[in-house]
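The structure appears right after this line, and notes come after that.
The values are calculated or read from the model by the stated rules, or taken from the named source; none is laboratory data. Given the structure is predicted, the values throughout are model-derived calculations rather than measurements. For neighbour counting, all protein chains shown are included, and Cβ atoms are generated from backbone atoms with ideal geometry for every residue, glycine included.
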Amino acid sequence: MNSEYLISMEVSGKTAMWTRPDTGATPVSYPVPPWSAAKGLFEAIVRLKNTIIIPTAVEICSPITYHDYTTNYGGPLRKGEQITKNDSFQHKATVLINVCYKLYAKIEDLKYVPKTLSEAAALNGVNSRHYCQDRFNRRLRRGQFHDTPCLGWREFVPDYIGACRDSTKIETSHNEEIASFLYCVFDPETGVPKPRYVKNSSGRKIVNGRLEYAE
C-alpha cells in the first residue's frame, strides 16, 4: 500500500505581500499565498534532491486586512535623473497586516540520478518521502531553516512559524472567488520562468476560510 506523506505548518506575521501580477506598478496582495509562495515557505525549512513538496491547501486564520504601504527604493532601477540627484523612488503597494495561515502539503518522489557512487549508496533503500517528512518536522520543531522564510517580500518575515496550534482557529466566515490566481512563476520541474494562472472555471475559491491548491 502506497501511503501518503503529509506535512503542515502554521505561519503568522505583521505584514505580508502576495503580489497580484495584474495590479501593475502599485501592486495589491492576494488574500492568501499562491502555490509557489507556499512551496517556498515549505522549502525554506527542508529541500531534498530526490523529493518534491507539493502544497495542497491553505487556511486563513486571521481576518484579511489590507493596508497601504510605501517604501523608498534607492536601487539601480531608478530613472537616470533620480540616480544623479540621489533621489529615492517611492514604491506604493497594498499589503496585508496581521496575517496567520495554516499550510498543508504532500511529499512525492522526484526522479533524481545520483552523481557519485557514494551518493547512490546513501540513497539506496531509503524511503525518501518518509525521510523528508521526518526531517521537515524535526527542523520545524527546532526552528532550523534552509533559507530565511518570508511572507511574500523578503522584508516581511514571520513572527511565528511552527507546528499548527489547536488554539488557532480558521476564519470560516471568509469566502471569496479569485478571478485569476497565480499558480506559479517558474516551471516546478525545470525552474524556467513560465507563469501559470488558474481561472475560475477550475473552481479557485476560498470556501469557509480554506483554499485548495489542486489544479
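General observations
- Complete set of residues in segment 165-194 that are modelled with pLDDT under 85 and in contact with a Leu (Cβ under 9 Å, 6 or more places away or on another chain): Glu189
- Within segment 13-50, being among the charged types (D, E, K, R) and either at positive phi or touching a strand residue (DSSP E or B) at 6+ places or on another chain (Cβ under 7 Å) (or both) holds for Lys14, Arg20, Asp22, Lys39, Glu43.
To keep it simple, each residue is scored yes or no on (1) without any contact (Cβ under 8 Å) to a residue 24 or more places away in the chain; (2) in a loop (DSSP other than H, G, I, E, B); (3) more than 12 Å from the chain's Cα centre (by Cα).
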| position | (1), (2), (3) |
| --- | --- |
| Lys14 | no, no, yes |
| Pro31 | no, yes, yes |
| Arg47 | no, yes, yes |
| Val58 | no, no, no |
| Ser62 | no, yes, yes |
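- Qualifying residue in segment 86-95 (condition: in a loop (DSSP other than H, G, I, E, B), more than 24 Å from Asp166 (Cα to Cα), of a type in the set (Gly, Ala, Ser) and modelled with pLDDT under 95): yes
- Filtered residues of segment 1-45 (kept if within 18 Å of Phe145 (Cα to Cα) and among the β-branched types (Val, Ile, Thr)): Ile7, Val11, Ile45
Listed here are the residues, each with its yes/no results for (1) surrounded by 10 or more Cβ atoms within 10 Å (Cβ to Cβ); (2) within 22 Å of the chain's Cα centre (by Cα); (3) over 18 Å from Glu155 (Cβ atoms).
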site	(1), (2), (3)
Tyr69	yes, yes, no
Asn72	no, no, no
Gly75	no, no, no
Gly80	no, no, yes
Thr84	no, no, yes
Thr94	yes, yes, no
Cys100	yes, yes, yes
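- Residue within segment 114-137 that is of a type outside the set (A, V, I, L, M), in contact with an Asp or Glu (Cβ under 9 Å, 6 or more places away or on another chain), at pLDDT 95 or above and farther than 13 Å from Ala163 by Cα present: no
- Per-region count, segment 146-183, residues polar (S, T, N, Q) and surrounded by 14 or more Cβ atoms within 10 Å (Cβ to Cβ): 1
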